[in-house]
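The values are calculated or read from the model by the stated rules, or taken from the named source; none is laboratory data. Predicted model, so just to flag it, every value in this text is computed and none were measured. Backbone-built Cβ (ideal geometry, glycine too); neighbour counts: all protein chains shown.
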Amino acid sequence: MKTIIEPFRIKVVEPIRMTTREERRDALVAAHYNLFELKADDVLIDLLTDSGTGAMSQEQWAAVMRADESYAGSKSFFVFRDAVRHVFGYEHVIPTHQGRAAERILFELVGGEGTVIPNNTHFDTTRANAEHAGARAVDLVAAVGRDPAAEHPFKGNIDVERLAALIEEVGPARIPIGMITITNNAGGGQPVSMANARAVSELLHRHGIPLFFDACRFAENAFFIKQREPGYADRSILDICREMFALGDGCTMSAKKDGMANIGGFLATNDAELAARARNILILTEGFPTYGGLAGRDLEAIARGLEEVLHEDYLNYRIVSTAYLCDHLHEKGVPVLRPAGGHAVYLDAAGFLPHVPSHELPGQALACALYEDAGIRGCEIGTVMFGDNAQMELVRLAIPRRVYTQSHIDYVVESVLDVFARRDEIRGMRITWEPSALRHFTAHFEPLA
């Protein structure tokens with residue numbers, strides 16, 4: 001069949017409160033034009049993030065009811081640990097309340113003043129945690145990954161020549177780890193090829209540098225490899241994942257993405273000494289090593305989610321439905337990052353609003369215009385989020401897993417086209433207040449006169 005349907009049926013529904021344009025305009029003013037500050041009840045279609053916003057399955061909810069809430073030695077931990085080992089292959093599994101907690105622990109252990117951590121592109125909390133630990137976060141995504149309009153199957157790849165040059169420049173002793181983010185969220189949810197990961201692994205290991213994956217959307221990345229990379233069409237998603245992670249020495253993971261759960265994450269590694277030190281920090285800041293800031297029910301939900309995310313019918317629906325939104329907008333001339341990523345569609349705000357320069361925050365202006373038009377909440381990924389490190393001016397429309405239907409997506413298409421038709425009316429914005437770090441979460445804005 002040509003039509004790809006949702007591989008699930010709906011058992012429970014949550015009502016959406018309809019709002020008027022005037023109500024949404026008032027909500028923007030009250031939120032200081034920061035979409036993170038909106039009340040969720042004032043949002044019709046919430047595409048702010050795919051992190052922890054998905055719908056869990058009947059098997060996950062059943063696992064929640066079977067959970068063991070013992071403080072230490074919970075059997076739910078061992079279910080979780082074994083599920084992680086089954087997919088990722090790393091011996092030591094350290095649960096955390098979400099991915100950024102795993103990042104903080106890792107960088108506290110390996111970072112420090114003068115250290116340098118390369119990645120294809122560090123996402124917001126990854127960069128912030130690295131820099132908080134004193135390290136310099138360096139983005140080395142391939143040049144094609146910085147061109148929104150370029151068509152390439154693996155725009156998340158690291159520029160291996162630039163990585164080699166960085167190692168030569170600063171010396172391997174100053175690079176405690178290298179990282180690869182799969183898929184590359186800040187760069188449009190673009191995948192990394194197995195060949196590129198292998199080349200990065202070989203280069204780092206030749207210099208004695210461990211490789212860690214930011215594995216948030218590992219299954220989507222594996223599906224792209226199966227679709228696009230020669231030699232993988234007949235391989236299972238699990239086999240592809242295992243081959244990828246065997247190239248590394250560990251990973252951080254937010255289970256709120258491809259873990260299919262609403263909370264949770266982990267740090268995994270084969271380094272026993274690093275794991276022992278990580279557990280000491282975990283006890284201090286998160287909790288005992290067999291729960292790590294999570295309830296037993298969360299551990300059970302993640303374990304089941306890690307199995308369900310490998311189902312190819314689910315992944316096919318996930319990738320095709322995201323491409324559906326991207327392709328419809330592209331066909332109408334809307335500037336979007338191409339090709340479609342796995343978890344989100346990225347509007348090219350610089351191309352959408354060419355009259356708004358980067359210092360006038362075109363991504364923030366476009367995101368606010370979409371919300372006012374139709375109650376759609378997206379996320380700026382550009383100068384607001386990354387400051388001088390911004391490589392593109394984007395608005396991410398992240399699609400929560402198993403939440404919205406095609407009619408919801410058609411509504412998004414209609415709204416984006418409506419805003420695009422009157423794009424010349426949209427003005428830039430300025431920041432009126434900002435915090436010292438991760439300003440996009442809480443900063444205040446106002447439209448320019």
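Structure notes:
- Residue match in the stretch 190-206 (condition: of a type in the set (D, E, K, R), at pLDDT 95 or above, more than 30 Å from G382 (Cα to Cα) and in contact with a Pro (Cβ under 6 Å, 6 or more places away or on another chain)): no
- Tally of residues being touching a residue at least 40 places away in the same chain (Cβ under 8 Å) and in contact with a Phe, Trp or Tyr (Cβ under 9 Å, 6 or more places away or on another chain) across the stretch 143-155: 4
- Cross-chain or 6+ apart pairs with Cβ under 6 Å, the stretch 416-429 first and outside the structural domain of G333 (by TED's automatic domain parsing), then part of a helix (DSSP H, G or I) and among the hydrophobic types (A, V, I, L, M, F, W, C): none
- Qualifying residue in the stretch 405-420 (condition: among the acidic types (D, E), out of contact with any Asp or Glu (no Cβ under 6 Å at 6 or more places or on another chain) and more than 25 Å from T20 (Cα to Cα)): no
- Residues that are touching a His at 6+ places or on another chain (Cβ under 8 Å) and in a loop (DSSP other than H, G, I, E, B) are absent from the stretch 222-244.
- Pair list, Cβ < 9 Å and 6+ apart or interchain, from the stretch 11-32 residues that are farther than 16 Å from L370 by Cβ to residues that are among the basic types (K, R): A30/K39
- Residues of the stretch 178-211 that turn out to be of a type outside the set (G, A, S) and surrounded by 24 or more Cβ atoms within 10 Å (Cβ to Cβ), as a count: 12
- Answer residue from the stretch 291-322, given it is small (G, A, S) and surrounded by fewer than 24 Cβ atoms within 10 Å (Cβ to Cβ) and is nearest to N280 (Cα to Cα) among those: G293
- Some residue of the stretch 419-434 being more than 18 Å from A128 (Cβ to Cβ) and under 25 Å from the mean Cα position of the chain (by Cα): no
- Number of the condition not met by F386 [criteria: (1) over 30 Å from D234 (Cβ atoms); (2) crowded, with 24+ Cβ neighbours inside 10 Å; (3) under 20 Å from the mean Cα position of the chain (by Cα)]: (2)
- Pairs linking a residue in the stretch 103-118 that is closer than 16 Å to G292 by Cβ to a residue that is hydrophobic (A, V, I, L, M, F, W, C) and assigned to a helix (DSSP H, G or I), with Cβ atoms under 7 Å and 6 or more positions apart or on different chains, are I105/A278; I105/I281; I105/L282; E108/I281; L109/L274; L109/A278.
- The stretch 64-85 residues that are farther than 14 Å from G264 by Cβ, paired with ones that are hydrophobic (A, V, I, L, M, F, W, C) (beta carbon under 6 Å, 6 or more apart): A72/F288
- Residue match in the stretch 274-291 (condition: under 25 Å from A55 (Cα atoms) and either among the aromatic types (F, W, Y) or under 19 Å from the mean Cα position of the chain (by Cα) (or both)): yes
Residue-by-condition table, conditions (1) touching a His at 6+ places or on another chain (Cβ under 9 Å); (2) outside any helix (DSSP H, G or I):
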residue: M253; (1), (2): no, yes
residue: I263; (1), (2): yes, yes
residue: A268; (1), (2): yes, yes
residue: I281; (1), (2): no, no
residue: L284; (1), (2): no, no
residue: G287; (1), (2): yes, yes
residue: D298; (1), (2): yes, no
residue: A301; (1), (2): no, no
residue: D313; (1), (2): no, no
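- For the stretch 150-157, the criterion of a residue being in contact with a Leu (Cβ under 7 Å, 6 or more places away or on another chain) and aromatic (F, W, Y) is satisfied by no position.
- Of residues in the stretch 112-128 being of a type in the set (S, T, N, Q) and surrounded by fewer than 24 Cβ atoms within 10 Å (Cβ to Cβ), the one nearest to the chain's Cα centre (by Cα): T125
- Looking across F224, F213, one residue alone is of a type in the set (F, W, Y) and either farther than 24 Å from F107 by Cα or touching a Ser or Thr at 6+ places or on another chain (Cβ under 7 Å) (or both). It is F224.
- Candidate set from the stretch 182-235 (those that are without any contact (Cβ under 8 Å) to a residue 12 or more places away in the chain and among the small types (G, A, S)); member that is farthest from H311 (Cα to Cα): G231
- Sole exception among (1) surrounded by 11 or more Cβ atoms within 10 Å (Cβ to Cβ); (2) among the hydrophobic types (A, V, I, L, M, F, W, C); (3) not assigned by TED's automatic domain parsing to the domain that holds S321 for A31, by number: (3)
- Against the numbered list (1) over 24 Å from P435 (Cα atoms); (2) touching an Asp or Glu at 6+ places or on another chain (Cβ under 8 Å); (3) exposed (fewer than 14 other Cβ atoms within 10 Å of the Cβ), K11 comes up short only at (2).
- Of all residues making up the stretch 360-383, the number that are in contact (Cβ under 8 Å) with a residue 60 or more places away in the chain and within 21 Å of R439 (Cα to Cα): 14
- Of the criteria (1) in the same structural domain as V412 (by TED's automatic domain parsing); (2) touching a residue at least 40 places away in the same chain (Cβ under 8 Å); (3) of a type outside the set (F, W, Y), which one H330 fails: (2)
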